[in-house]
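Everything below concerns the one structure shown next.
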Amino acid sequence: MTHFVRYTPVLFVNLLLCLSGQSWAQPIKWPNGAKAAICLTYDDAMSSQLEQAIPVLNSLKLKGTFFLNSLADDNATEKWRQAAKQGHELANHTLFHPCLAAKGWKPVWALDNYTFDRVLKEVQSMNTQLYLLDSKRTKRTFAFPCGDTTAGGVSYLDTLRRSGLVSYGRMVGDANSVVTNFETLDLLQVPSLAVQPTHTAADLIAYAEKAAQQGGLGIYLFHGVGSQWIAVSAAEHKKLAEYLANHKQTFWVTTFDEAMSYVAQWKQTHAPSASAK
C-alpha cells in the first residue's frame, strides 16, 4: 500500500531547505524586548561634539561612541576624559585620518602611499592615546577613515583583523544601511548611515523606524553637530535624540562596542555555522 504524506506550505519549504542544506535565519532578539538596536557614533574628535552632542546625550541619559583621531587641542583632552567617565565610548579613528588621494588628501596622508605597517602603527598609537584618556586596556572599536580599506592599493582588512588591535569596525553607508542579516555580518565591516547637513530630524527618525520595522541594527555616523564639517543641525540632532529617549521600549540605544559585543555573542550561540569574521 502506498502512503501519501500531506505537507503544509511551511513544512514543504522546510523540507526543501533541509534538502538544500540551508536553514531558517533565526531573528536576533534585542535586550529588554527592544525592536531595534541603535548606535549614535561621531567621527573626528570635533569640538562641536563636545559642545553640542554630549550635553544633549547626557541630559537624556543616552550613550554615544566617539571615534577619535589625534587630539591636537590640549584643552579638549580633559573634556574627552570626562566624556569617558560619563559612559561614552572613546574609539579609534587612526592617528592622522588617512584617506585615498582621489578624495582630496595630500600625498603625505593619502592611503595610496601608505604601507600596511604604517596603518597598523597609526592604529596602535591611537589606542595608546585612548588608553591615556580612559585607562581601558580592552580592544578598541574602529572606524575606517572615509570608509577606505586599502593601503597602497591593496586591502588591509585581513591584516588589521589579524593584528588584534581592534575588535569591531564601522563602515560608511546610507539610509539603506540597516543591518538585518547577522549570520553573515562581517564584524569588521558594519555599515552605517552617513548623516549629511541636509538630513532633517524626520529623515533621521525614519532611519530608526526602519530599523525597528526590520528588527535590525541602525548606526548613525555624525561629524559636526551645529558647526564644523559635514555638520547636521544641532536642533535636528537633538530632536532625534529626544525621540530615541522617549521610545526606550522600542530602541536599545547603546555604544557601538556594546552593540557589536551583543551581536558577536549572538553569532556564537545562534549561528555557529556562519563566519564570525
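Please determine, by comparing only the residues of the stretch 156-175 that are of a type in the set (Val, Ile, Thr) and not in a loop (DSSP other than H, G, I, E, B), which one is nearest to Gln129 (Cα to Cα). Per the stated criteria, the residue is Val166.
The number of residues in the stretch 230-246 being free of Cβ contacts under 8 Å to residues at least 40 places away in the same chain, over 23 Å from Thr141 (Cα atoms) and either surrounded by fewer than 21 Cβ atoms within 10 Å (Cβ to Cβ) or not hydrophobic (A, V, I, L, M, F, W, C) (or both) comes to 5. Among the numbered conditions (1) within 21 Å of Gln268 (Cα to Cα); (2) under 14 Å from the mean Cα position of the chain (by Cα); (3) free of Cβ contacts under 8 Å to residues at least 40 places away in the same chain, the only one that Val190 does not meet is (3). Summed over the stretch 157-216, the residues that are buried (at least 19 other Cβ atoms within 10 Å of the Cβ) and within 23 Å of Ile230 (Cα to Cα) give a count of 15.
So, Thr141, is that one of a type in the set (Val, Ile, Thr), within 30 Å of Gly226 (Cα to Cα), at pLDDT 95 or above and in contact with a Ser or Thr (Cβ under 6 Å, 6 or more places away or on another chain) or not?
Working: of a type in the set (Val, Ile, Thr): yes; within 30 Å of Gly226 (Cα to Cα): yes; at pLDDT 95 or above: yes; in contact with a Ser or Thr (Cβ under 6 Å, 6 or more places away or on another chain): yes.
Yes, satisfied.
Candidates Lys238, Lys210: the one that is under 15 Å from Ala37 (Cα atoms) and basic (Lys, Arg) is Lys210.
Evaluate the following for Gln249: is it under 17 Å from Leu62 (Cβ atoms), open to solvent by 70 Å² or more (accessible area, probe 1.4 Å) and not charged (D, E, K, R)? Here the answer is yes, as Gln249 does meet what is asked. The criterion of being aliphatic (A, V, I, L, M) and over 20 Å from the mean Cα position of the chain (by Cα) does not hold for Ala143.
The values are calculated or read from the model by the stated rules, or taken from the named source; none is laboratory data. Every value quoted in this text rests on a predicted model; they were computed, and no experiment measured them. Heads up, the Cβs are rebuilt from the backbone with ideal geometry, glycines too, and the neighbour counts pull from every protein chain shown. Just so you know, the surface numbers come from the protein's heavy atoms only, side chains and all, with ligands and any DNA or RNA stripped out. Shrake-Rupley method; radii C 1.70, N 1.55, O 1.52, S 1.80 Å.
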